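Below is one structure, written out as structure tokens; the observations come after it.
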Amino acid sequence: MRIHHLNLGSMREIESLDGRPAARAVCHALLIETPASGLVLVEAGLGLDDVAKPGEMLEREWTELVQPLLSPAETAVRQVAALGHDPRDVRHIVLTHLDVDHSGGLPDFPDAQVHVMEAELEDAIGQAPNRRYRPGHWAHSPKWVTYPGTGTRWLGVAGVRPLTGLPEDILLVPLDGHTRGHAGVAVNDGDRWLLHAGDAYFYHGELDRRPQPHPLMDVVQVSAQVDPERRVSSQERLRSLAHDHGVAVFSAHDPWELADHLG
């Protein structure tokens with residue numbers, strides 16, 4: 001499998017705590033070329049409708065806080081095409097959760113199967129519209145494929161699920177706390193496991209043995225959490241995966257992690 005790291009939505013500029021230059025927060029996503037399952041998108045970021053109609057598709061206070069760049073060139077559908085692929089070949093989208101900045105691109109791929117935890121879809125449909133969940137992102141009736149919170153063990157983590165119709169090298173890993181149905185997406189690149197941790201943490205310093213949260217980003221993640229205890233437990237699992245099992249863990253919005261993967 002060939003894996004591309006993408007930014008599907010630049011947001012407000014933030015300072016680093018370790019001397020690296022300030023940078024805009026990102027919507028880190030993956031595009032995976034598979035031999036038999038077509039293109040697989042991990043996260044959908046912000047989409048063309050969000051860019052064209054932010055007043056309708058996005059919540060005003062969220063937009064003021066996050067300050068999204070809203071560039072058509074950063075949407076998944078445009079980046080897939082720029083890589084030389086037909087967007088119609090995106091047959092699967094795997095989401096960590098359904099927050100606005102993770103699901104906005106769904107309408108740009110109306111024929112794709114959308115894989116998400118069952119609890120996440122239940123909460124999104126039950127709570128929308130609000131700052132977190134925007135029903136316009138699934139008004140086209142996506143082809144949902146949902147998963148319960150049970151599964152097998154993977155590197156000591158319980159409840160991990162293989163995904164229907166996808167290679168066994170792509171897994172859904174429960175990491176709740178940010179939302180009830182939040183999950184990470186593990187991908188084996190042939191040499192090691194990568195783990196897209198979504199919003200289970202926001203800043204790379206949180207993966208340190210002695211975690212170092214980012215003051216601004218920590219305010220955001222604490223205000224958005226639905227279960228503080230489970231969020232902290234999910235972060236502990238991520239530190240174990242990174243330090244004890246050699247998994248390359250990264251989050252959705254840390255721009256320095258994305259820069260490291262882009263080389």
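The values are calculated or read from the model by the stated rules, or taken from the named source; none is laboratory data. Please read these numbers as outputs of a predicted model, since none were measured by experiment. Using ideal geometry, Cβ is built from the backbone for each residue, glycine included, and neighbour counts are taken over all protein chains shown. These area figures cover heavy atoms from the full protein model, side chains too; ligands, DNA and RNA do not enter into them. Shrake-Rupley method; radii C 1.70, N 1.55, O 1.52, S 1.80 Å.
Pairs meeting the criteria (first residue in segment 48-72 and surrounded by fewer than 12 Cβ atoms within 10 Å (Cβ to Cβ), second residue in a loop (DSSP other than H, G, I, E, B), beta carbons under 9 Å, at least 6 apart or on different chains) are 52/70; 61/131. Tell me the residue from 83, 39, 95 that is more than 23 Å from residue 201 (Cα to Cα) and either crowded, with 18+ Cβ neighbours inside 10 Å or within 17 Å of the chain's Cα centre (by Cα) (or both), please. So the residue among 83, 39, 95 that is more than 23 Å from residue 201 (Cα to Cα) and either crowded, with 18+ Cβ neighbours inside 10 Å or within 17 Å of the chain's Cα centre (by Cα) (or both) is 39.
Looking only at residues of segment 165-181 that are aliphatic (A, V, I, L, M) and touching a Gly at 6+ places or on another chain (Cβ under 6 Å), we find that the one that is farthest from residue 193 (Cα to Cα) is 175.
If the condition is being under 22 Å from residue 14 (Cβ atoms), among the charged types (D, E, K, R) and open to solvent by 60 Å² or more (accessible area, probe 1.4 Å), then segment 244-263 contributes only 260.
Looking across segment 221-243, the residues that are touching a residue at least 60 places away in the same chain (Cβ under 8 Å) and open to solvent by 30 Å² or more (accessible area, probe 1.4 Å) come down to 237, 240. Within segment 39-59, the set of residues being over 20 Å from residue 193 (Cα atoms) and not aliphatic (A, V, I, L, M) comprises 45, 47, 49, 50, 53, 54, 55, 56, 59.
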